[in-house]
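To start, the structure itself, in structure tokens.
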Amino acid sequence: MKNIVILISGRGSNMQSIVNANIPNANIVAVLSNNPDAAGLAWATERGIATAALNHKDFASREAFDQAMMLLIDAYEPDLVVLAGFMRILTPAFCQHYAERCINIHPSLLPSFTGLHTHQRAIDEGCRVAGCTIHFVTEVLDNGAIIAQGVVPILDNDTADDVAARVLAVEHQLLPQAVADFVSGSLKIVGKRVIKRHQADSSAQMLA
Ligand code: GAR
């Protein structure tokens, strides 16, 4: 069984998609937030999942907040930390501590449109497609090895909300799958590329 801690900042629909997927060998041990009012916390509590919030406004620095959050996360002994709409820029110490065991979902086709307002920026650039990326977290914002990407069209009269809704449906498919792939040990990071090992490959390696 792998312990999973999920970090959210708001409604938590991606967190819900992971919980609802009932991923084999995945134990969702806690849902944590920097925002005490995050709607997703109540949803998780109702399902008997441990929740807690540390308000980042209560901390003097980004470093102090991240150190406290790391202590809170580590109390749950996670094998994987999932940033599911966690709207915080992370310190190098946090990223190093969870290296290769922390993944993030970002609402763009990285490396395009890191940061905020991704869908509006894609519309403004005349992009024909938008999407989402699930990637390992490194010290460089929205830049770690890519696990999965999903693509949707941008139609001529789309607003950013239209694109966000279309992308969100894909996020809800890809994020539980990425968690399942991590839990089953199928993801191998080779430089900036994530190789998906099939179960057959793993068995062959065990026999070798
Ligand atoms: C999602 O669209 C996710 O891709 C995005 O926040 C939304 C959270 O929705 N993440 C980021 O922008 C991270 N930089 P949710 O709370 O309903 O899962």
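Among the numbered criteria (1) crowded, with 20+ Cβ neighbours inside 10 Å; (2) more than 14 Å from the ligand (Cβ to nearest atom), which single criterion is violated by Pro24?
Going through (1) crowded, with 20+ Cβ neighbours inside 10 Å; (2) more than 14 Å from the ligand (Cβ to nearest atom) one by one, Pro24 breaks only (1).
Of the residues that make up segment 83-97, is at least one of a type in the set (Phe, Trp, Tyr), in contact with a Ser or Thr (Cβ under 9 Å, 6 or more places away or on another chain) and within 16 Å of the ligand (Cβ to nearest atom)?
The answer is yes; a qualifying residue exists.
Somewhere in segment 144-151, is a residue in contact (Cβ under 8 Å) with a residue 24 or more places away in the chain, closer than 23 Å to Arg193 by Cβ, of a type in the set (A, V, I, L, M) and loosely packed, with under 14 Cβ neighbours inside 10 Å? Give the derivation first.
Within segment 144-151, the subset in contact (Cβ under 8 Å) with a residue 24 or more places away in the chain is 144-151.
Retained after the next criterion (residues that are closer than 23 Å to Arg193 by Cβ): 144-151.
When the remaining residues are screened for being of a type in the set (A, V, I, L, M), the result is 145-148, 151.
Next, only the ones that are loosely packed, with under 14 Cβ neighbours inside 10 Å stay: 151.
Yes.
Of the conditions (1) part of a loop (DSSP other than H, G, I, E, B); (2) in contact (Cβ under 8 Å) with a residue 24 or more places away in the chain; (3) polar (S, T, N, Q), Gln16 fails just one. Which one is it?
In the conditions (1) part of a loop (DSSP other than H, G, I, E, B); (2) in contact (Cβ under 8 Å) with a residue 24 or more places away in the chain; (3) polar (S, T, N, Q), Gln16 misses (1) alone.
Can you find a residue that is in contact with an Asp or Glu (Cβ under 8 Å, 6 or more places away or on another chain) and within 23 Å of Ile89 (Cα to Cα) anywhere in segment 153-173?
No, the conditions are met nowhere in segment 153-173.
For Val129, all conditions in the list (1) in contact (Cβ under 8 Å) with a residue 24 or more places away in the chain; (2) within 14 Å of the ligand (Cβ to nearest atom); (3) hydrophobic (A, V, I, L, M, F, W, C) hold save one; what is the number of the exception?
(2)
Can you run down the residue pairs with Cβ atoms below 7 Å, 6 or more apart or on separate chains, where the first is in segment 28-41 and within 15 Å of Met87 (Cβ to Cβ) and more than 12 Å from the ligand (Cβ to nearest atom) and the partner is modelled with pLDDT of 95 or more and in a loop (DSSP other than H, G, I, E, B)?
Between residues of segment 28-41 that are within 15 Å of Met87 (Cβ to Cβ) and more than 12 Å from the ligand (Cβ to nearest atom) and residues that are modelled with pLDDT of 95 or more and in a loop (DSSP other than H, G, I, E, B), the close pairs are Asn34/Ser9; Asn34/Leu54; Asn34/Asn55; Asn34/Arg88; Pro36/Asn55.
From the list Val170, Val179, exactly one residue is in contact (Cβ under 8 Å) with a residue 12 or more places away in the chain, closer than 24 Å to Ile4 by Cβ and out of contact with any helix residue (DSSP H, G or I) (no Cβ under 8 Å at 6 or more places or on another chain). Which is it?
Result: Val170 is the single residue among Val170, Val179 that is in contact (Cβ under 8 Å) with a residue 12 or more places away in the chain, closer than 24 Å to Ile4 by Cβ and out of contact with any helix residue (DSSP H, G or I) (no Cβ under 8 Å at 6 or more places or on another chain).
Condition test on Val5, is it at pLDDT 95 or above, over 16 Å from Asp79 (Cβ atoms) and surrounded by 20 or more Cβ atoms within 10 Å (Cβ to Cβ)?
Here the answer is no, as Val5 does not meet what is asked.
Every residue, every condition in (1) among the charged types (D, E, K, R); (2) surrounded by fewer than 22 Cβ atoms within 10 Å (Cβ to Cβ), yes or no:
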position: Gly40; (1), (2): no, no
position: Ile49; (1), (2): no, yes
position: Asn55; (1), (2): no, yes
position: Glu63; (1), (2): yes, yes
position: Asp79; (1), (2): yes, yes
position: Phe86; (1), (2): no, no
position: Ala93; (1), (2): no, yes
position: Asp124; (1), (2): yes, yes
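Scan segment 31-61 residue by residue and report those that are in contact with an Asp or Glu (Cβ under 9 Å, 6 or more places away or on another chain) and assigned to a strand (DSSP E or B).
The one that is in contact with an Asp or Glu (Cβ under 9 Å, 6 or more places away or on another chain) and assigned to a strand (DSSP E or B): Ala53.
The values are calculated or read from the model by the stated rules, or taken from the named source; none is laboratory data. Keep in mind the model is a prediction, meaning the values are calculated, not measured. Methodologically, a virtual Cβ is constructed for each residue, glycine included, from the backbone with ideal geometry; neighbour enumeration extends over all protein chains shown.
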